[in-house]
Structure formats: structure tokens, C-alpha cells
Amino acid sequence: MIEGRKVKHFLDLAEFDKGILTNIMLQGAQSKLGEADLSRALAGKTVLMMFEKPSTRTRVSLETAVKQMGGQTIVLNPTDSQLGRGETIADTARVLSRYVDAIALRTHAHDNLLELAKYSTVPVINLLSSWSHPTQLIADLITLYERFGDLSKLKVAWSGDGNNVLHSWIHAAAKFGFELQIACPKKRMPDSRVLNWVREVGANVSVTDDPIVAVTDADAVVTDVWVSMGEEHKGSALLKLLEPFRVTEVLMKRAKPTAIFMHCLPAKRGQEVADAVLDGPQSAAWDEAENRLHANKGILAWCLG
Ligand code: CP
Ligand code: NVA
């Protein structure tokens, strides 16, 4: 790294201004339409991907994006590296920065990403932590943009668990100025730190434990699994709490007739969402999944451009 140059980490949407996020999103959307040529943007570059948790979309869409941009990937599982035997993240970051051009990590603890970014001299990309999932949100924003254009006029509703994906939705609502109405059980609200942040920045985000209140007149209804990776031990108590928050056809009728249904996937069909909604005409879940590829291109072009 050239001394004094800021490393362009992609850790959380909260750290960005709207202009940069808009550029990242538009670059992805334009590349999808063939209006931006990113096919050599990563020529000669290597992106390392490390996964402490399973992944289908994130792994395959990122690896595909890097390759379609002319770069190369290395994929490591925790047991493949000395991290699994206790080498520190700081030492690992110092060493890996000397080989590769970016390090992408899916991890349990968000602090692992912060530690990696602190010691890495190449960009670090958050591929999901227990705190947030920012690369997913760039794909979701592309999806909203494709369907509606101007994001600032939208009302988005969340019905479900107050989890990592919701945290990134909250960050996105604050940055793009759309309304976000959140319905979660009282015991599963988003983390108080993110709600305090909302108050500080003055975003149009509100919380309730009534899914009907949240979903009424929404342009997009969003949910995610009730049991996130690493929370399996919370089991049946969690499922019982979340039962009233399932997105069904009946709940969707409360939203605008033009509303779309969004889910980052994987879905637990019949749990957080009814099959009829996920497979129905309002479902944008498959476009969201497709847009992970294009979102990754926008993110990589910004980090390594
Ligand atoms: N949405 C998402 O991140 O999916 P994967 O866990 O399959 O990567
Ligand atoms: N909230 C989910 C998202 C999966 C992409 C999880 O963390 O497991």
C-alpha cells in the first residue's frame, strides 16, 4: 500500500455517505445492463474469500464476479488456515495483505472483521457477520431501484427477527432516506446500538411489534429466517415468538397492490414466509439473488478501483 492512502474497506453501510453507496449500486446496476464494462477491472488482482459459516449465494456470486472482472479467487475455510490453530487475526492480516489484493470474510463476530481491517493493508469486505450483511443490501437496493426508481419515496416494511440483515436495512434506510417500518417481537428487536444510531442520524425508521401496522401500505415487505446461523441453540422458543410475523398472502394484502416481497435467502419455507408468497407474483427474491452478482461487481470496483 502507498503510505497515507486510505484502505477502502467495505464493512458496514453506516460508514459511507449516500454518494458513494449510490455509485456502488449504480455501477452494479449498469454492469448488469451492459452499460458499464467491468470485465478487466480486476485484471491481475486476487481476492481471498474466507468463510466461517456456510454460504451459497455470497460465495458463488462473489467468486463469479471476481472472475467476470478478470481477477482470481482463493477460498479458505477456517480449518484450512492457521487461524483455526490460533494464529491471531492481526498476524494473519499482516501476512495475507502481502499476497492478495482484497480479503473478504464471513464470520460470527463482527469484531473479527474490525480486527482484520485494522491490520490489513488491503480492502476487507464484510460477507456477513452476526451484526450486519452489507453486500446483501447493495443487491437489495439494486432490486428496489430496478422496480421503483427513486428510493427516497418508498415505504419498506420488515416483519420478522431483529437480526443482522435488518441492521443493514436500517443503515440503508438512513442513507437513502426511505421509510422503514420494522415489526419484530419485543424480545427480538434490532440491537439498541443500531436504534440509538438511528436517533442520532435522524432516519425515518420506526419499530412496532405489530406486523399489520408495519406492512400497511408498504411498497416492499421484507423478511429473513427466524433462526440465523449461530443461533440454532435458541430453537423452539424463538420460533414461537416469531409465529405472528410470518409473511403470508393475508399479510401481503395489507401492503400496496404493487408491493414486492423481498428475502435475502435461504428461506425456511412455511416458517418466516408462506410458499405462496415466495413463489408468487410479488416475489422479488430471485432478482435479489441475481443482483448479488452485480452488487459484488460494484463493491469490488469501488474497493479495488
Ligand atoms: N443471502 C445470503 O447471504 O446467502 P448465502 O448465505 O447463501 O450466502
Ligand atoms: N440472518 C441470516 C442471513 C443469511 C444470509 C443469517 O445470519 O443466518
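The values are calculated or read from the model by the stated rules, or taken from the named source; none is laboratory data. What you see is a predicted model, and the numbers here were worked out from it, not measured in a lab. Heads up, the Cβs are rebuilt from the backbone with ideal geometry, glycines too, and the neighbour counts pull from every protein chain shown. Accessible surface is based on the protein model in full, side chains and every heavy atom, while ligands, DNA and RNA are left aside. Shrake-Rupley method; radii C 1.70, N 1.55, O 1.52, S 1.80 Å.
Brief remarks follow.
- Cα→Cβ-extended label distance, 7 Å offset, between Lys234 and Arg193, nm: 1.6 nm
- Simple label model, 7 Å out from Cα along Cβ direction - Ile212 to Tyr99, nm: 5.7 nm
- Violating pairs (Cα-Cα greater than 24 angstrom) within the set Lys186/Lys268; Lys118/Lys234; Lys234/Lys297; Lys45/Lys118: Lys118/Lys234; Lys234/Lys297
- Label positions at Thr248 and Asp275, each projected 7 Å from the Cα along the C-beta direction, are separated by 1.6 nm.
- Using alpha-carbon coordinates, inclination of helix 110-119 to the longest axis of the chain, degrees: 30 degrees
- Cut-off 12 Å, label 7 Å out along Cα→Cβ of Gln82, residues of the range 92-135 by amide N: 92-96
- For the chain, average projected area of the Cα convex hull in nm²: 15.3 nm²
- Rolling a 1.4 Å probe over the protein heavy atoms of the chain, with every protein chain left in place, gives an accessible area that is 51 percent carbon and sulfur.
- Residues of the range 237-253 falling in the label zone of Lys268, defined by backbone nitrogen less than 11 Å from a point 7 Å along Cα to beta-carbon, are 237-243.
- Between the Cα long axis of helix 285-304 and the first principal axis of the chain there is an angle of about 30°, rounded to the nearest 10.
- Charge dipole magnitude, Cβ of K and R +1, D and E -1 - the chain, Cα centre, debye nearest 20: 300 debye
- Length gained on full extension, Asn23 to Asp37, computed as 0.36 nm times the residue gap minus the Cα-Cα distance: 3.6 nm.
- Gyration tensor verdict on the range 230-303 (Cα atoms; rounded if a/c is under 1.5, prolate if a/b is larger than b/c, oblate otherwise): oblate
- Longest exposed-site-free window of the chain, the sites being trypsin sites (Lys or Arg not before Pro) in a DSSP loop that have at most 15 other C-beta atoms within 10 Å: 99-252
- Protein heavy-atom accessible surface, 1.4 Å probe, per residue over the chain: 44 Å².
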